[in-house]
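The values are calculated or read from the model by the stated rules, or taken from the named source; none is laboratory data. Because the structure is a prediction, the values reported are computed rather than measured. For neighbour counting, all protein chains shown are included, and Cβ atoms are generated from backbone atoms with ideal geometry for every residue, glycine included.
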Amino acid sequence: MPDLAIIGGTGLTRLSGLEIARREVVQTPYGEPSGPLTHGVLFGREVVFLARHGYGHTIPPHQVNYRANLWALKRTGITRLLAVAAVGGITPDYAPAGLAFPDQIIDYTWSRAHTYFEGDLTHVTHVDFTQPYCEELRALLIQAAKDAGIEACPRGTYGATQGPRLETAAEIDRLERDGCDMVGMTGMPEAALARELELCYATCAVVANRAAGRGTAQITMRDIETHLTEGMAKVGELLRHLVQRL
Ligand code: HPA
């Protein structure tokens, strides 16, 4: 049984260092996940990997089948799930190519399939979501970053927007007034579905750009890619130390 599942976001469609054992196509009651699950060994630990946007990066944030993805990963027997996700930095500490481990989230997404608790229910369930991320996995991430000598923001509030367009400057001003430090398009419903499945879920956010109105220049895909390449190299090192601590 794998020790950890990893969902890779933009800039992370394959895990470097992963010795691939097999690929598994999974059908779920919620449809198809973003792609086959990749089972393998990462620095000596069994892991399962899934590229959130598909291995060819073709599925936009609002069309990701979050329910199928998490259901398929849960089925492998994992209890811990690390999500890697690109974000825009809103407050000054969340600088391009940096890493952050959010501890809170605000959901601005709409009309996404966001719960397993609907349809043919025998009873209504409301999961506790006061602390949306798993503190145990967050603590491991913070420690792994220290071990690796990587400076990372140990907390922060993630604002989840609908996408796929980036935000207006006024929208980012509003998110900052709400208390958001970073903005991304995939944090929800992923975090809430993980909680419904009782998975220990945490996010490693990789800052791709300064959010709208926070940088000097227009946000270009080229800049995003440059920062993500730098940030993902740090994620690789982080993972090496993280799996040793599992
Ligand atoms: N906004 C929303 N999602 C993002 C951004 C952003 O600026 N950068 C990377 N993902």
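Can you find, within the range 26-63, the residue that is nearest to D3 (Cα to Cα) among those that are without any contact (Cβ under 8 Å) to a residue 12 or more places away in the chain and either assigned to a loop (DSSP other than H, G, I, E, B) or among the aromatic types (F, W, Y) (or both)? Once the filter is applied, the top-ranked residue is Q27. Please find, within the range 176-188, the residue that is farthest from A95 (Cα to Cα) out of those that are more than 11 Å from the chain's Cα centre (by Cα) and surrounded by 19 or more Cβ atoms within 10 Å (Cβ to Cβ). Across the range 176-188, the extreme among qualifying residues is C180.
Within the range 135-169, the set of residues being part of a loop (DSSP other than H, G, I, E, B) and within 20 Å of L82 (Cβ to Cβ) comprises G149, I150, E151, P154, R155, G156.
If you go through the range 192-221 and keep only what is closer than 30 Å to L140 by Cβ, in contact with an Asp or Glu (Cβ under 9 Å, 6 or more places away or on another chain) and more than 11 Å from the ligand (Cβ to nearest atom), you end up with A192, R195, C200, Y201, A202, T203.
From the set of residues in the range 155-171 that are within 10 Å of the ligand (Cβ to nearest atom) and among the hydrophobic types (A, V, I, L, M, F, W, C), which is surrounded by the fewest Cβ atoms within 10 Å (Cβ to Cβ)? The selected residue is L166. Each residue in the range 148-164 was checked for being of a type in the set (D, E, K, R) and within 18 Å of the chain's Cα centre (by Cα), and 1 of them qualify. Could you tell me whether any residue of the range 1-11 is without any contact (Cβ under 8 Å) to a residue 60 or more places away in the chain and more than 15 Å from L239 (Cβ to Cβ)? No - not one qualifying residue is present in the range 1-11. A search for C-beta distances below 8 Å between a residue of the range 217-231 that is under 11 Å from P96 (Cβ atoms) and any residue that is more than 11 Å from the ligand (Cβ to nearest atom) and outside any loop (DSSP other than H, G, I, E, B), counting only pairs 6+ apart in sequence or on different chains, returns G231/L99. If I filter the range 113-132 for residues that are within 30 Å of A212 (Cα to Cα) and within 16 Å of the ligand (Cβ to nearest atom), do I get at least one hit? No, the range 113-132 contains no residue that is within 30 Å of A212 (Cα to Cα) and within 16 Å of the ligand (Cβ to nearest atom).
Among the residues that make up the range 93-103, is at least one of them in contact (Cβ under 8 Å) with a residue 40 or more places away in the chain, more than 16 Å from the ligand (Cβ to nearest atom) and closer than 27 Å to R177 by Cα? Yes, because at least one residue in the range 93-103 is in contact (Cβ under 8 Å) with a residue 40 or more places away in the chain, more than 16 Å from the ligand (Cβ to nearest atom) and closer than 27 Å to R177 by Cα. In a residue-by-residue description of the range 177-186, the property of being more than 21 Å from H53 (Cα to Cα), within 13 Å of the ligand (Cβ to nearest atom) and in contact (Cβ under 8 Å) with a residue 60 or more places away in the chain applies to at least one position.
Residues in the range 1-25 that are assigned to a strand (DSSP E or B) and closer than 16 Å to V206 by Cβ were compared, and the one that is farthest from the ligand (Cβ to nearest atom) is I6.
Within the set A83, A68, the sole residue that is within 15 Å of the ligand (Cβ to nearest atom) and at pLDDT 95 or above turns out to be A83. When you check I106 against the structure, is it among the aliphatic types (A, V, I, L, M) and in a strand (DSSP E or B), yes or no? Judged against the criteria, I106 is a match. Within the range 75-102, being crowded, with 19+ Cβ neighbours inside 10 Å and not in a strand (DSSP E or B) holds for I78, I90, Y94, P96, G98, F101, P102.
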